[in-house]
Structures are given as structure tokens and as C-alpha cells.
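The values are calculated or read from the model by the stated rules, or taken from the named source; none is laboratory data. Quick caveat: nothing in here was measured; it's all calculated off a predicted structure. Neighbour counts run over all protein chains shown; Cβ positions are idealised from the backbone, glycine included. Accessible surface is based on the protein model in full, side chains and every heavy atom, while ligands, DNA and RNA are left aside. Shrake-Rupley method; radii C 1.70, N 1.55, O 1.52, S 1.80 Å.
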Amino acid sequence: MTEKILKQCVAYCLAQRFDISEIAKVISESTLVRIIKGALLIEDNHSWSVVFAYGAVVHWNVSLEEQAKLHRLLLSNAESPLKSIEEDHFTFAVDCITTRIVEDHIEIESSDPILLFSLSQGMAQSIKLASFETNAITTINNTSYIPKSLAENGRIKLSRHKIAQIRGQLFLTKSDIILNYDLLDTPDFFWEYPEYEVFYGITAKYLEIEPRTRVLSKKLETIYELFEMLADEQKHRHSTILEWIIIWLIAFEIGMMIVDKVL
């Protein structure tokens, strides 16, 4: 039995979004490119890269030099590049008996580009999900002192300006994830190519996209609770300030009345 040659497959999340149409114009001048449901399938000498509009790219048998070259182009046409790039590494072999993933090794029955594209869909979702997870966990960790401060002191020891800043950051994190949440559903591509959905299912199941999405949803609930907590604190402080203003105005009026009577 001939031993299969192992090749490298890497998935990256580089940015929030890519300008797919602009990237396609540049690449198509020198390389075979297919636009499939808003994604790019780039094929060059038994190497494939799949670029997704939501900031993810999956490379199959692409050299590090070529990866870096493509990444520079992607980032020059990207919205909100990530400060910390997410990546996931696999090995793969083609012309296997069946398609499956075992311990980060992908066995593929053929080098059909659409089959690779289908597998890439799940891998890209997973790496985008990893970006959401990192963002949510970082936000929760950076604000973990807030409920602790409230429990110990009955109030949050932050200025109104700082509270407003944190609320803004929590809102951005929550809205960014929620607005892109539909990316984690089964891609529309498989409405037109239902025979390939089984390959997407292989990566989605192996990379645990569905249970990870549920956990992410719980993290979003935590962020929402923090947001509401800070909103209540801001309202309380605003109400307190108004109460003191009213008290001082009443005191001033009483003082003026006393002065008038004395005089």
C-alpha cells in the first residue's frame, strides 16, 4: 500500500472583513480565481486558497511564502485587521478511501476543488468563531473586577466617563458578534450544491462549531449582564446628582427666605 504524502492545511482569521471584489480584480490578473457565493477559490499548481468575505482564509498545500504574499494583499483590502491573528493547522492527504478528519489530519477522497471548498467552509467558520471567542473572553476578563467591586463595595469605583467607555466596548463586542452570528449557520452555498454538504458537516462536527456557538452565546449573555449592570450604575449616579442638585436648590431657596425675613 502506497503511503500518502502529507501536505499542510492552515486556516487564518486576519480581519473583520475583506473586500472580495477588489481582491478578485488584483488576483485574477495572474492566477485562476473563482468567485463562489461571495468567497474566492484560488487555484495554482495543486495548491488552493479559499478567501471568505468575513476575514478568514484557508490554505491547502500553499507555501509560507505564497501565504504571506496573499495575506499582504488581503490585509491591504481589509476592514479592521485583527491585532492577534487566529490560526489553526492541519495535515492532509488526497486520493484516500473516504473523507474524514482524525487528530487534525484530513483524509480526502479527491482533489476536487469544490470538495476542498466545502471542507474550507467549516474550517473558516471555526477560525472566525475562535476570533469571536477570544474577543468575548478578553472582554469578560478585562471587566471581571466590576461585579466583584459591586459585591464588595456596593458601588463601582469608576468615573462616569470610564463607565461610559466600558459600556461602549461591551456594546461593540456584543454587536460585532451578533451581527455576524449568521456566519455560523450552514452556508447558503449548500442550497445549490447539496451533494457537498456532507463534507462541510465533517469539518463542522470535528471542530465542534455547534457546541462552541452555544458556549459563545452564554458568554454574550455575561457581556449583556455587565452592560446592564453598568447602565444601572450610570442611572443611579445620574439620579443621585439630580437629587443633590434639588437638595441644594431647596437649601438655597430656604436660605434666601431666611435672609429676606432677617433683613
Response to the item:
Across (1) outside any strand (DSSP E or B); (2) surrounded by 14 or more Cβ atoms within 10 Å (Cβ to Cβ), Glu152 clears everything bar (2)
Worksheet item: Given the conditions (1) of a type in the set (A, V, I, L, M); (2) at pLDDT 90 or above; (3) outside any helix (DSSP H, G or I), and given that Leu116 satisfies all but one, which numbered condition is not satisfied?
Response: (3)
Response to the item:
Per the list (1) within 21 Å of Ser80 (Cα to Cα); (2) in contact with a Phe, Trp or Tyr (Cβ under 6 Å, 6 or more places away or on another chain), residue check on Lys174 breaks on (2)
Practice prompt. Run Ile127 past the list (1) within 25 Å of Glu210 (Cα to Cα); (2) part of a helix (DSSP H, G or I); (3) open to solvent by 20 Å² or more (accessible area, probe 1.4 Å); (4) of a type in the set (A, V, I, L, M) and report the number of the one that doesn't hold.
Written response: (3)
Discussion item. Among (1) over 14 Å from Phe132 (Cβ atoms); (2) β-branched (Val, Ile, Thr); (3) open to solvent by 30 Å² or more (accessible area, probe 1.4 Å), there is one condition Ile178 misses while meeting the rest; what is its number?
Written reply: (1)
Worksheet, complete the sentence: Of Gln8, Gln16, the only residue that is modelled with pLDDT of 95 or more and surrounded by fewer than 21 Cβ atoms within 10 Å (Cβ to Cβ) is Gln8
Discussion item. Condition (residue is free of Cβ contacts under 8 Å to residues at least 12 places away in the same chain and among the acidic types (Asp, Glu)) applied to the stretch 128-142: is it met by at least one residue?
Written reply: no
Practice prompt. Considering every residue within the stretch 135-143, establish whether at least one is in a loop (DSSP other than H, G, I, E, B) and farther than 21 Å from Lys37 by Cβ.
Written response: yes
Worksheet item: Can you name the helices (runs of 4 or more DSSP H) wholly within the stretch 186-263 that have at least 3 residues being of a type in the set (A, V, I, L, M) and at pLDDT below 80?
Response: 209-262
Worksheet item: Tell me, which strands (runs of 3 or more DSSP E) wholly within the stretch 1-82 include 2 or more residues that are within 22 Å of the chain's Cα centre (by Cα) and under 25 Å from Phe189 (Cα atoms)?
Response: 7-18, 39-43, 48-52, 56-60
Item to complete: Give Leu183, Leu119 a once-over and let me know the one that is touching a helix residue (DSSP H, G or I) at 6+ places or on another chain (Cβ under 8 Å), in contact (Cβ under 8 Å) with a residue 40 or more places away in the chain, open to solvent by 30 Å² or more (accessible area, probe 1.4 Å) and hydrophobic (A, V, I, L, M, F, W, C).
Response: Leu183
Worksheet item: Among the residues of the stretch 83-95, which ones are open to solvent by less than 50 Å² (accessible area, probe 1.4 Å), more than 17 Å from the chain's Cα centre (by Cα) and not hydroxyl-bearing (Ser, Thr, Tyr)?
Response: Phe90, Phe92, Ala93, Val94
Worksheet entry | Thr98 vs. criteria among the hydroxyl-bearing types (Ser, Thr, Tyr) and either surrounded by 17 or more Cβ atoms within 10 Å (Cβ to Cβ) or within 23 Å of Leu14 (Cβ to Cβ) (or both) | no
Worksheet item: Within the set of pairs 6+ apart or on separate chains, which have a first residue in the stretch 50-62 that is surrounded by 23 or more Cβ atoms within 10 Å (Cβ to Cβ), a second that is of a type in the set (Lys, Arg), and C-beta atoms under 8 Å apart?
Response: Phe52/Lys128; Gly55/Arg17; Gly55/Lys128; Ala56/Lys128; Trp60/Lys7
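Taking the stated definitions as given, is Val198 within 30 Å of Arg34 (Cβ to Cβ), hydrophobic (A, V, I, L, M, F, W, C) and open to solvent by 80 Å² or more (accessible area, probe 1.4 Å)?
The answer is yes for Val198.
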Practice prompt. Hey, could you check the stretch 101-116 for residues that are farther than 23 Å from Asn45 by Cα and among the hydrophobic types (A, V, I, L, M, F, W, C) and say which is surrounded by the most Cβ atoms within 10 Å (Cβ to Cβ)?
Written response: Ile101
